[in-house]
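First comes the structure, then the notes that go with it.
The values are calculated or read from the model by the stated rules, or taken from the named source; none is laboratory data. None of the values given here were measured: they were computed from a predicted structure. Here the Cβ is made from the backbone with ideal geometry for all residues, glycine too, and neighbour counts use every protein chain on show. Note: areas computed on protein heavy atoms with side chains; ligands, DNA, RNA excluded. Shrake-Rupley method; radii C 1.70, N 1.55, O 1.52, S 1.80 Å.
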Amino acid sequence: MAGKPVAKSPAKAAALRVEEPKKVLTQRQGFKTNEFVVYPAHGVGQILAIEEQEIAGAKLELFVINFMKDKMTLRVPTAKIANVGMRKLSEPGLVKRALETLKGRARIKRTMWSRRAQEYEAKINSGDIVAIAEVVRDLYRSESQPEQSYSERQLYEAALDRLSREIAVVQHVTETEAVKEIEGQLAKSPRRGAKAEADAEADGDIDADADGDDAAVADEAA
């Protein structure tokens, strides 16, 4: 004989009702899942999800951000995004301004390289697309100019990578195409000749702006 079906106890039925699917968060602080954002310390990433976690008895909301090129995932508290400087992608008008910046004359202060390197690094990690473009402009060397030192090259490539990634996402092109556009703008900038570059390096740091020393002093005061 087949056994009688076992009736569920009220307690078990209540337990089953409690096990509801987790609430799916799709938007917080003006950011939403699948959106590309700029995280100053790492560049362009994509929000994969917005999670709720319980830490030390307190509920915490986190943005899960993937940086595909770096093969890295960060979890950032949604309440901390202002502190870390996370922002939306630049508007096309600001990208255009950054590209225009590349055509300007390089500005190099009369300070020691170690200090300039710190300033370049601060600009790269600021998340400001125009400031990053300034680093690319100032550290760019054409074929007719002396080669960069290893540390200059590292900073130049870091700035170029940050700039090209954001331009690529904003303009819906590949990073290779973005780099070509950047290099095309740099080719339009007034470059110093190889001899002038070599003489300047022999004398120490220079300001390549047309205003010479006055521009360097103005930069220091800024």
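Across the cross-link table entries K71/K96; K32/K88; K32/K96; K103/K123; K69/K188, which are compared at the Cα atoms, the separations over 22 Å belong to K71/K96; K32/K96; K69/K188. Globularity index of the stretch 27-122 is 1.40 (Cα radius of gyration / 2.2 N^0.38 Å, N = number of residues). For E157 and A41, the FRET efficiency from 1/(1 + (r/R0)^6), where r spans their Cβ atoms and R0 equals 22 Å, is about 0.85.
Modelled label positions at Q171 and K96, each set 7 Å beyond Cα in the direction of Cβ, lie 1.3 nm from each other. Per-residue SASA remark: T174, around 70 Å² accessible (1.4 Å probe; ligands, DNA and RNA not included). Per-residue accessible area (protein heavy atoms, 1.4 Å probe) orders E52, E134, E177 as E177, E52, E134, starting from the largest.
Extending 7 Å from the Cα toward the beta-carbon at both S126 and V64 defines two label points whose distance is 3.4 nm.
Here the stretch 118-142 and the stretch 151-176 have alpha carbon centers that stand 11 Å from each other. Near R153: Cβ cut-off under 10 Å, other residues only, Lys/Arg at +1 and Asp/Glu at -1. The net charge is -2.
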